[in-house]
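Encoded as C-alpha cells, the structure appears first; notes follow it.
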Amino acid sequence: MDASRANQPENTPRSSELRSGQGDSGAQGSKKIHNEPDETRLPHHARSPADGIELAPGVRVASSVLGWSYASASGPGGQNVNRRSTKAVLRLKISEIPILPGARRRLCALAKGWLVHDGDELVIASDEHRSQSRNRQACLDRLRELLVRAMATPKRRIATKPGRGAKERRLRAKREQSQKKERRREKPDQD
C-alpha cells in the first residue's frame, strides 16, 4: 500500500480512479459517481424553482425557460460594435411564468408591444449598452419591472354619490350661469 492511501479505507477509490471511471465500483464499471442529480435530463417544469432565476418577488422560473439570442447592435461602440454581438434579445412564453391569471392579463396589456405569436411569447431586446452582459441585465430588469407592475393589484374604485353641499353648489352655479345669459338676451325698451 502506498503512502497516499494510508489514511483511506481499503474500499475507497482514489480521486484519480473516480475521474477515469475505474476503482472499486464493481458492477458499475465505467459509470461516474454523481453527488447531485443530473437536472439536464429533467423537463423544465419538473425542476425545482429554487434553482432558477427570480423575475419578481415570489416569481422564479427555470433558466431554461428564458430564451436568449444575440445580434450585432447599432449605435456607438467603435470597432467593438462591429465585431461583437452585444444586442441581447430575451424570449419568454407568458404561459410559463407562474403568476395568477389576473396578473397574466395585466402583463399582456402592459407588454402588448412586445408580444408575438398570438400574444403568448414576450420578446424584450436591449442594445443600449456596449457589453452583452449589461444588455442581458437590462432585458431582465425590464421584465422584472413589467412583472412587478402586472402583479400589483389595481385599487378598486368605489362608486360614491356627491354630497348634499356639492349638489347645492352645482345647482347654484347653474342658476347663476342661466341668469347671466338671460341678462345678455334682454332687449332694451323701445319707447
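Before moving on, here are some points about what is shown:
- Residue that is within 30 Å of Ala150 (Cα to Cα) and either out of contact with any strand residue (DSSP E or B) (no Cβ under 7 Å at 6 or more places or on another chain) or at pLDDT 85 or above (or both), where the choices are Asp24, Asp38, Asp51: Asp51
- Enumerated helices (runs of 4 or more DSSP H) restricted to region 95-191, each holding at least 1 residues that are of a type in the set (S, T, N, Q) and touching a residue at least 12 places away in the same chain (Cβ under 8 Å): 132-151
- For Arg175, the conditions (1) loosely packed, with under 10 Cβ neighbours inside 10 Å; (2) modelled with pLDDT of 95 or more are fulfilled apart from (1).
- Residue that is within 28 Å of Ser64 (Cβ to Cβ), among the aliphatic types (A, V, I, L, M) and at pLDDT 90 or above, where the choices are Val148, Val116: Val148
The values are calculated or read from the model by the stated rules, or taken from the named source; none is laboratory data. Bear in mind the structure is a predicted one, so any value in this text is a computation, not a measurement. Quick reminder, even Gly has a Cβ in these numbers, built from the backbone with ideal geometry, and neighbours come from all protein chains shown.
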